[in-house]
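Notes follow once the structure below has been shown.
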Amino acid sequence: MAVAARWSLLLVACLSSVVVLVAGSWTKPRSYDAQRVEKPIEVDGDIYTAEWQAVPWSDDFVDIQGEDAQVANRPTAKTRTRMKMRWDDEFLYIAAEMSAHDWPIIAKQTRRNSVIYSTDSDFEVFLDTDESNYNYKEFEVNAKNIVWNLLLDKPYSDGGGEHSARVAKPGEPNYWEVHKQKSGAKLYGVIGQPTPEGRWTVEIAMAHSDSMDRTAAVKPAVGKFWRINFSRVEKKGNLNWVWSPQMLWSPSKHRPEGTVAMHYPDVWGYVHFIEAAPGTPASSWADPQWPLKAAASQLFLAEEQAVKEAGSAVKLDALATKNWIDAESLLKFQPVLTISGPKTDWSAQLHDADGCTASIGGAHKLEVRCPGTLRGSVGWFLAEHLWSFLLLLIAAVAVGFFVGWHMFHQGHVAKLSALHS
């Protein structure tokens, strides 16, 4: 970036720094430390068993707009929602409790892969296993354990679409279905009739093989993480209570703003995988690269604003002049922006002090690379499959030794036969 451009960015940053201070406490996504479980959990909807009693509840769900939500839209003690997570080598386990005290529990849908949120009380899981914003998964369920599974090739706002058994048949391009998932639901009350102590619970086992399908995801292991969020939808979608509020950068307001838009995986929360550790709080970890990722998301949303208003992506100094970015925070990550053509044909790389690089562009596909964790690269693939390669190498050496010994033995026998003939 030219020196003059850097100074202009810094000037705009100084003038607007006071505005940025009102960003609020919801700018960092929530995280949950999921403890490993030794034995598979029996999934039947009963979430008050020993395996679940051993781990803490999450923070209570809030309105999707967080601190920006209207008071009338926020959940109360009577509509409390919370969840827990555990994991093993095959599944991510989820338990959720939806309080509905004097609140109707609606469950009209009875057919698998129906649009549940449009009519029913609905619990949803959103999972982006490689945090690319692409090929992420969505799960919906009602109090009758009627489920809907879908894969989004990219966010709807970027031209993405649903891939599921609802919209396509096996063999068609838009078909996608889970294979090993398990779920159960229990109702404590009466469908459609408010009761003083009404509630319903959900228990889910999401198979890693389903969740990682069509991604470059790393299989869960101690210390690793996936991006995840949860939503409880009521009143035909008019109420949306989530675990981690959707705080998207608003170029026009120059701050993160609570937005009714679940399909922005950039700001989802985290499930962080740890060993079983009794007494561990629900969350004691934070992604050290979150500021880098937040900056990448901010740049994408600012360029999206530029395309809407100017018809094309613009340079960083133009974004700063329009006050569509927090220039001071972006400069910390040494952004390199390349505009290759009209509209969304742009790309950028941002770098943090840990040596990590975030790549983002008009297609909204995020890639984060850190030293030693080159996810999606040849090095990452070799590292993730090291033991498999070692076993194959040992097997190859053993086979080579056996074949060589066999050939030597056969040759030796032939020579002895020749000497005695």
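Within segment 56-67, the residues that satisfy the criterion of being in contact (Cβ under 8 Å) with a residue 40 or more places away in the chain and under 14 Å from Met83 (Cβ atoms) are Pro56, Trp57, Ser58, Asp59, Phe61, Val62.
Of the residues that make up segment 182-194, is at least one hydroxyl-bearing (Ser, Thr, Tyr) and not in a helix (DSSP H, G or I)? The answer is yes, given that some residue of segment 182-194 is hydroxyl-bearing (Ser, Thr, Tyr) and not in a helix (DSSP H, G or I). Among all positions in segment 117-129, there is no residue which is open to solvent by 20 Å² or more (accessible area, probe 1.4 Å), part of a strand (DSSP E or B) and aromatic (Phe, Trp, Tyr).
One residue is enough: does segment 241-256 have a residue meeting the conditions buried (at least 22 other Cβ atoms within 10 Å of the Cβ), assigned to a strand (DSSP E or B), modelled with pLDDT of 95 or more and among the hydroxyl-bearing types (Ser, Thr, Tyr)? Taking every residue of segment 241-256 in turn, none turns out to be buried (at least 22 other Cβ atoms within 10 Å of the Cβ), assigned to a strand (DSSP E or B), modelled with pLDDT of 95 or more and among the hydroxyl-bearing types (Ser, Thr, Tyr).
When only residues in segment 26-69 that are in a helix (DSSP H, G or I) and either aliphatic (A, V, I, L, M) or touching a strand residue (DSSP E or B) at 6+ places or on another chain (Cβ under 6 Å) (or both) count, which is nearest to Gln289 (Cα to Cα)? Ranking the candidates gives Thr27 first.
Which members of segment 199-221 meet the condition of being hydroxyl-bearing (Ser, Thr, Tyr) and either within 11 Å of Leu127 (Cα to Cα) or in a helix (DSSP H, G or I) (or both)? Correct list: Ser209, Ser211.
What about Asp287, is it open to solvent by less than 30 Å² (accessible area, probe 1.4 Å), at pLDDT 95 or above, touching a strand residue (DSSP E or B) at 6+ places or on another chain (Cβ under 8 Å) and of a type in the set (D, E, K, R)? For Asp287, the condition - open to solvent by less than 30 Å² (accessible area, probe 1.4 Å), at pLDDT 95 or above, touching a strand residue (DSSP E or B) at 6+ places or on another chain (Cβ under 8 Å) and of a type in the set (D, E, K, R) - is met. Could you check segment 75-106 and list, in sequence order, the residues that are of a type outside the set (S, T, N, Q), within 22 Å of Pro196 (Cβ to Cβ) and in a loop (DSSP other than H, G, I, E, B)? Correct list: Pro75, Arg80, Ala100, Asp102, Trp103, Pro104, Ile106.
Picking from residues in segment 230-240 that are touching a Ser or Thr at 6+ places or on another chain (Cβ under 7 Å) and surrounded by fewer than 18 Cβ atoms within 10 Å (Cβ to Cβ), the one that is farthest from Pro29 (Cα to Cα) is Lys236.
Across segment 96-114, the number of residues qualifying as aliphatic (A, V, I, L, M) and over 22 Å from Asp63 (Cβ atoms) comes to 1. Applying the condition of being more than 14 Å from Tyr117 (Cβ to Cβ), touching a strand residue (DSSP E or B) at 6+ places or on another chain (Cβ under 8 Å) and of a type in the set (Lys, Arg) to segment 136-181 and asking which residue is least open to solvent (accessible area, probe 1.4 Å) yields Lys137. Strands (runs of 3 or more DSSP E) fully within segment 266-358 that include at least 1 residues being farther than 16 Å from Pro256 by Cβ and in contact with a helix residue (DSSP H, G or I) (Cβ under 7 Å, 6 or more places away or on another chain): 336-339, 346-351. When the criteria are applied in full, Trp226 fails the requirement of being open to solvent by 10 Å² or more (accessible area, probe 1.4 Å) and outside any loop (DSSP other than H, G, I, E, B).
Scanning segment 244-284 for residues that are over 19 Å from Ile94 (Cα atoms) and of a type in the set (D, E, K, R) turns up Lys253, Arg255, Glu257, Asp266. In segment 211-253, which residue that is basic (Lys, Arg) and more than 13 Å from the chain's Cα centre (by Cα) is farthest from His263 (Cα to Cα)? This residue is Lys219. Cβ-Cβ contacts under 6 Å between residues 6 or more apart (or on different chains), taken from a first residue in segment 150-175 that is in contact (Cβ under 8 Å) with a residue 12 or more places away in the chain to a second residue that is hydroxyl-bearing (Ser, Thr, Tyr), are listed as Leu150/Ser164; Leu152/Tyr136; Lys154/Tyr134. All of Ser231, Ser209 fail the test of being over 28 Å from Val62 (Cβ atoms) and touching a residue at least 24 places away in the same chain (Cβ under 8 Å), apart from Ser209. Annotation for segment 151-159: at least one member residue is more than 22 Å from Tyr188 (Cα to Cα) and assigned to a strand (DSSP E or B).
Ala72 satisfies every condition listed in (1) small (Gly, Ala, Ser); (2) part of a helix (DSSP H, G or I); (3) touching a Leu at 6+ places or on another chain (Cβ under 8 Å) except (3). Taking the numbered list (1) at pLDDT below 95; (2) surrounded by fewer than 18 Cβ atoms within 10 Å (Cβ to Cβ); (3) aliphatic (A, V, I, L, M) in turn, Leu331 passes all entries but (2). When the residues of segment 5-29 are filtered to those that are open to solvent by 40 Å² or more (accessible area, probe 1.4 Å) and under 25 Å from the mean Cα position of the chain (by Cα), the one that is modelled with the highest pLDDT is Lys28. Checking the condition in contact with a Lys or Arg (Cβ under 9 Å, 6 or more places away or on another chain), farther than 30 Å from His101 by Cβ and open to solvent by less than 40 Å² (accessible area, probe 1.4 Å), which residue from Ala205, Ala217 passes? Going through Ala205, Ala217 in turn, the sole match is Ala217.
The values are calculated or read from the model by the stated rules, or taken from the named source; none is laboratory data. Worth saying up front: this structure is predicted, and the values here are computed from it rather than measured. Here Cβ is always computed from backbone atoms with ideal geometry, including for glycine, and neighbour counts include all displayed protein chains. Ligands, DNA and RNA are stripped out before the accessible areas are found, and what is left, the full protein with its side chains, is counted by its heavy atoms. Shrake-Rupley method; radii C 1.70, N 1.55, O 1.52, S 1.80 Å.
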